[in-house]
Structure formats: structure tokens, C-alpha cells
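Asker: Take this structure, written in C-alpha cells, and hold onto it; I'll ask about it next.
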Amino acid sequence: MSDFAIKFQANPFKLEPESPEVVLGQIPPGGSEITRVPCTFDGKSNNEAPECPYIVQIAFKTSVDVFIFSVPCALSVMMVPTTPISTDEYQALGEKGFKKSQEKLEIETTTEKIKEKLNSNNVMFVGSRTNG
């Protein structure tokens, strides 16, 4: 088996491989190989809310046939520990075609407790506003 390529179907996070080509040599019958496929968030969006678990539909082409998989992924895979982004950077992300909606949530807690809980789960606080 040889000539490997991969393609992701449009998905809510715009996840796609950096390149459709998968660099693997010839794999003999009964053999196996492990590789990594670098991904980006520059793909096409299907404009739907993500499901739980997050499902990525993948087409994997080989010299033998094309195989279609539905791969469940943990949402935490999409979150990379890093420094918080600024409010302006966050708002710029919203202008990249994500649907905007405003909801009002009433809970009994403090802002600081929420920030602590989110931060401990690699979700950074970037700004706030008051809905009027």
C-alpha cells in the first residue's frame, strides 16, 4: 500500500490537514506504520455547532482504495495551553465568519471564581461587557 492522502470534511472548527499528502513509504501486506498529520484551523466551516464528542469526518486515500472514517475527538484537543489573547484579538476571531449570538445567563457566583475555574481548564478570560 502506498500513495497516501488525507482530507477532512468541513467542520465547526475549520480543522484540516496542513497538506493532503501523508508522507509514508510503501507499507507491506500485514505491516503498519505510525505518523503524525499536522493540522491547521484554516479549513472550511460547515456552519454548525460542534457536537459532543466532536466528530471529524476523514477521507483517507491509498493506492488500494479511499476509506471514510468518523473520528471522535475530545474538545480539549482543540485547546492549547498558551498565554491569554487580548480582547481585540478575540473580537477579531469573531469576525472570521463565526455566527454571533448573545445570551443572558444568570448564576450566583463571582466573576473571580469563574475566571479561576476557566483558567484552571486552559480557558483564558479576555474581556467582559454588560448587556443592556
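The values are calculated or read from the model by the stated rules, or taken from the named source; none is laboratory data. Note that this is a predicted model, so its numbers are computed, not measured. We place every Cβ from the backbone using ideal geometry, glycine too, and count neighbours over all the protein chains shown. The area values use the complete protein model at the heavy-atom level, side chains included, leaving out ligands, DNA and RNA. Shrake-Rupley method; radii C 1.70, N 1.55, O 1.52, S 1.80 Å.
Asker: For Cys73, Cys39, write out the residues from largest to smallest accessible area, computed with a 1.4 angstrom probe and no ligands counted.
Answerer: On the way: Cys73 30, Cys39 60 Å².
From most accessible down to least: Cys39, Cys73.
Asker: For Val22, what accessible surface area do you get with a 1.4 Å probe? Give it in Å², rounded to 10.
Answerer: Rounded to the nearest 10, the figure is 10 Å².
Asker: What is the helix-to-structure angle for 111-120, meaning the angle in degrees between its Cα long axis and the longest Cα principal axis of the chain, kept from 0 to 90 and rounded to the nearest 10?
Answerer: 20
Asker: With the full set of protein chains in place, find how many percent of the accessible area of the chain is carbon and sulfur; take the probe as 1.4 Å. Can you show the working numbers first?
Answerer: Details: 5850 of 10850 Å².
Ligands and nucleic acids excluded, carbon and sulfur give 54 percent.
Asker: Solvent-accessible area of Ile68, probe 1.4 Å, all protein chains present, reported in Å² to the nearest ten, please.
Answerer: 130
Asker: Please report, in debye to the nearest 20, how large the charge dipole of the chain is about its Cα centre when each Lys and Arg carries +1 at its beta carbon and each Asp and Glu carries -1 there.
Answerer: Its charge dipole is roughly 220 debye.
Asker: Could you order Phe41, Phe4 by accessible surface area, starting with the largest, using a probe radius of 1.4 Å?
Answerer: Phe41, Phe4
Asker: Counting each DSSP H run of 4 or more residues in the chain as -39500 (n - 2.57), what helix-only mean residue ellipticity at 222 nm follows after dividing by all residues, to the nearest 500 deg cm²/dmol?
Answerer: -4000 deg cm²/dmol
Asker: Heads up, I need the accessible area for Thr111: 1.4 angstrom probe, whole protein in place, Å², nearest 10.
Answerer: 90
Asker: Taking a cut-off of 16 Å between Cα atoms, list the aspartates and glutamates near Lys117, but don't count ones fewer than 8 places away on the same chain.
Answerer: Glu108
Asker: Can I ask one more? In nm², what is the average projected area of the convex hull enclosing the Cα atoms of the chain?
Answerer: Averaging across all directions leaves 10.7 nm² for the Cα convex hull.
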